[in-house]
Amino acid sequence: MTSSSPAKPPSTADRVRGALWGMMIGDALSMPVHWYYRLSDLQRDFGMIRDYQAPKSLHPSSIMSLASTARAGRGTQAGDVVGEIILKGKKHHWGPAHRHYHQGMQAGENTLNALCARLLMRSLSRVRGHDTVDFLAEYVQFMTTEGSHNDTYAESYHRDFFANWAHGVPVDQCAGATGHDTASIGGLVGLAPVVLAIAADGDVQQAVDAGLRQLRLTHKSQPLEIFAAAYSRLLAQLVYSPPESLGPLLQAQTPGLGKGLGALLGQAPNHQDAATRVVGGLYSPACYIEDSFPSVLYLAARYANDFEAALIANTNAGGDNCHRGSILGALLGAWLGLDAIPSRWRQGLLDSPALGQEVEVFIDRFLPAS
């Protein structure tokens, strides 16, 4: 593996297509083994995942029964934010031990954070820009409408937001404060559409600012903002100012990220055991941003010219692979373009036709000359 540029550089529009399809595919591929922390369990239940599968009813690493149903983090399940305000009719899945986080979802289906990214993409296209009032109205309606999606679990930030909303906090002030799991890579999943839309005007810093503005609607976390800015800048540069080689651009993001990431990225093509040596070895496979984002950069460097191998490696590394997969899929989709994504993965997404239409509308709105 090398980090040289693709043989035929994709057009800007195809980089946008690659990023938007990639973020959804990385999520759906990992969904059945999301938050598996013992690789022996993952391999026993699924073998090597190369294509979409449905989740099992039992999840050996699930601690959903320990999560608060009243707000963020762990706690009792006496509260009814889950069940009455969001995830209506699904609270009964939270109590039993080892219940899968994505209970009953189908192969190729997307989890909640990825669906919220699509929601943002539709809002951007509809109003032809980043209107936070429009997005928040759509977000509240989507999250509080029974049957609007099939997911069973909502990350802490969703629960905190709607705990505040239920107490009459103005919707633009409902974001929860930093907790032990607020600075999670799941917070970056919803940023790609706004970054890609705003960067189309040619100003990367404006795109970064828009990404942070979007993040602050649902997260109050200074630590997370550092990584959100790095991701937003990297994604905008890959699409609108693509480098000749991916490696140096990835290395430029590493100051302050720790654990010798810069040197690690320089060696990435030589490592054959990415999943075990780095993701789960040097870096925790959990959601915490200080480990998960460097893991994404490593996988992007290791598999710079192989979208399929990158997402398979990420999926089978377990942990918070859905959210890592969304970020990795967006970055490598932006670098390699749509044609680098296996057609079976695009066609196999459960909502593929509708997603395809939404992506094309988005491109027509923000790249009309493409």
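The values are calculated or read from the model by the stated rules, or taken from the named source; none is laboratory data. This is a predicted model, so every value here is computed, not measured. Using ideal geometry, Cβ is built from the backbone for each residue, glycine included, and neighbour counts are taken over all protein chains shown.
Brief remarks follow.
- Subset tally (residues that are assigned to a helix (DSSP H, G or I), under 23 Å from R44 (Cα atoms) and under 16 Å from the mean Cα position of the chain (by Cα)) for the range 280-312: 3
- For D131, the stated conditions hold: it is surrounded by fewer than 16 Cβ atoms within 10 Å (Cβ to Cβ) and either among the charged types (D, E, K, R) or within 21 Å of Q53 (Cα to Cα) (or both).
- Meets criteria (out of contact with any Phe, Trp or Tyr (no Cβ under 6 Å at 6 or more places or on another chain) and either buried (at least 24 other Cβ atoms within 10 Å of the Cβ) or without any contact (Cβ under 8 Å) to a residue 12 or more places away in the chain (or both)) for V208: no
- Residue list for the range 31-53, restricted to those being in a helix (DSSP H, G or I) and farther than 20 Å from G281 by Cβ: M31, P32, R44, D45, F46
- Tally of residues being assigned to a helix (DSSP H, G or I) and either at pLDDT 90 or above or of a type outside the set (G, A, S) (or both) across the range 217-257: 24
- Checked against the criteria, I25 counts as modelled with pLDDT of 95 or more, crowded, with 22+ Cβ neighbours inside 10 Å and closer than 25 Å to S284 by Cα.
- When T152 is tested against the conditions (1) in contact with a Leu (Cβ under 8 Å, 6 or more places away or on another chain); (2) assigned to a helix (DSSP H, G or I); (3) within 24 Å of P32 (Cα to Cα), the lone failure is (2).
- Test: residue in the range 157-176 that is part of a loop (DSSP other than H, G, I, E, B), small (G, A, S), surrounded by 14 or more Cβ atoms within 10 Å (Cβ to Cβ) and out of contact with any His (no Cβ under 6 Å at 6 or more places or on another chain): no
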